[in-house]
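Structure first, commentary second.
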Amino acid sequence: MVAQDIIIRPIITEKSMAGIAEKRYTFEVAKAATKIDVARAVEELFKVKVAKVNTLHVRGHMRRQGRYEGYTASWKKAVVTLSEDSKAIEFFEGMM
């Protein structure tokens, strides 16, 4: 997998934006990606140094549309913590 296939999109929520102060960033990643794959992809795409990666699977939620019901897609989330000597990711700087 190439780095662009591993990192799908950044997660922009109140909770994830609060982590930027501690250099903690949240991304949606490919389901098959491992922690090592995610760390390499973030280092390659953003030119930073990753200290640790936490991953979790997000289950699909039950949704209804009138009388029809189903589940949204499940996906994988990665919380990436950068090292102390690493620079911040510039993409998130304008959102604070």
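The values are calculated or read from the model by the stated rules, or taken from the named source; none is laboratory data. Please read these numbers as outputs of a predicted model, since none were measured by experiment. Neighbour counts run over all protein chains shown; Cβ positions are idealised from the backbone, glycine included. When the accessible area is computed, the model is the full protein with side chains, heavy atoms only, and any ligands, DNA or RNA have been set aside. Shrake-Rupley method; radii C 1.70, N 1.55, O 1.52, S 1.80 Å.
A few points about this structure:
- When we screen SER86, SER74 for residues that are touching a residue at least 60 places away in the same chain (Cβ under 8 Å) and either among the small types (Gly, Ala, Ser) or surrounded by 15 or more Cβ atoms within 10 Å (Cβ to Cβ) (or both), the only hit is SER86.
- Candidate set from segment 49-65 (those that are among the polar types (S, T, N, Q) and closer than 18 Å to LYS35 by Cβ); member that is most open to solvent (accessible area, probe 1.4 Å): ASN54
- For TYR68, the conditions (1) of a type in the set (Phe, Trp, Tyr); (2) modelled with pLDDT under 95; (3) open to solvent by 60 Å² or more (accessible area, probe 1.4 Å) are fulfilled apart from (2).
- Contact map, segment 44-68: first residue in a loop (DSSP other than H, G, I, E, B), second residue surrounded by 14 or more Cβ atoms within 10 Å (Cβ to Cβ), Cβ cut-off under 7 Å, separation 6 or more or different chains; pairs are VAL48/VAL42; VAL48/LEU82; VAL48/SER86; VAL48/ILE89; LYS49/GLU43; LYS49/LEU82; LYS49/SER86.
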